[in-house]
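**Student:** Let me begin by handing over the structure; questions about it come next.
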Amino acid sequence: MGADEVTRRMLATYEAGDMVTMCAWCRRVEIDGEWLLAPRAALTAIDAQYALSHSICPACAAGGREAPRDAVAERS
Ligand SMILES: [Zn+2]
């Protein structure tokens, strides 16, 4: 799934009135049970609508991943 698709799915979730769940550690977002990198601008837009729910993804919860400072995918 590319960054544009992740953005589209995030917006669809928001427009459906649901919270978008983001890992506070690696900043991946949960979409249909998958944890995916989203473009920073899309995360900022969702967060500005108070529609971002901060959580911890299973990989981070298991402690197997360091928090990368630049984990968020950039639009190419
Ligand atoms: Zn994570």
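The values are calculated or read from the model by the stated rules, or taken from the named source; none is laboratory data. Please read these numbers as outputs of a predicted model, since none were measured by experiment. Cβ atoms come from the backbone with ideal geometry, glycine included; neighbour counts cover every protein chain shown.
**Student:** Find the residue count for segment 2-32, including only residues that are among the small types (G, A, S) and closer than 15 Å to A61 by Cβ.
**Tutor:** 1
**Student:** Okay, moving on. Only residues in segment 1-29 that are surrounded by fewer than 12 Cβ atoms within 10 Å (Cβ to Cβ) and assigned to a helix (DSSP H, G or I) count as the first member; pair them with residues that are of a type in the set (S, T, N, Q) and at pLDDT 95 or above, Cβ under 7 angstrom, at least 6 apart or cross-chain, and list the lot.
**Tutor:** Partner pairs satisfying both residue conditions: none exist.
**Student:** Could you check, for segment 28-50, whether at least one of its residues is in contact with a strand residue (DSSP E or B) (Cβ under 7 Å, 6 or more places away or on another chain) and of a type in the set (S, T, N, Q)?
**Tutor:** no
**Student:** Same structure, new question: Looking at segment 31-41, which of its residues are surrounded by 18 or more Cβ atoms within 10 Å (Cβ to Cβ) and under 16 Å from A16 (Cβ atoms)?
**Tutor:** Selection gives I31 alone.
**Student:** Please tell me if V29 is within 12 Å of the ligand (Cβ to nearest atom), at pLDDT 95 or above, among the β-branched types (V, I, T) and under 14 Å from the mean Cα position of the chain (by Cα).
**Tutor:** yes
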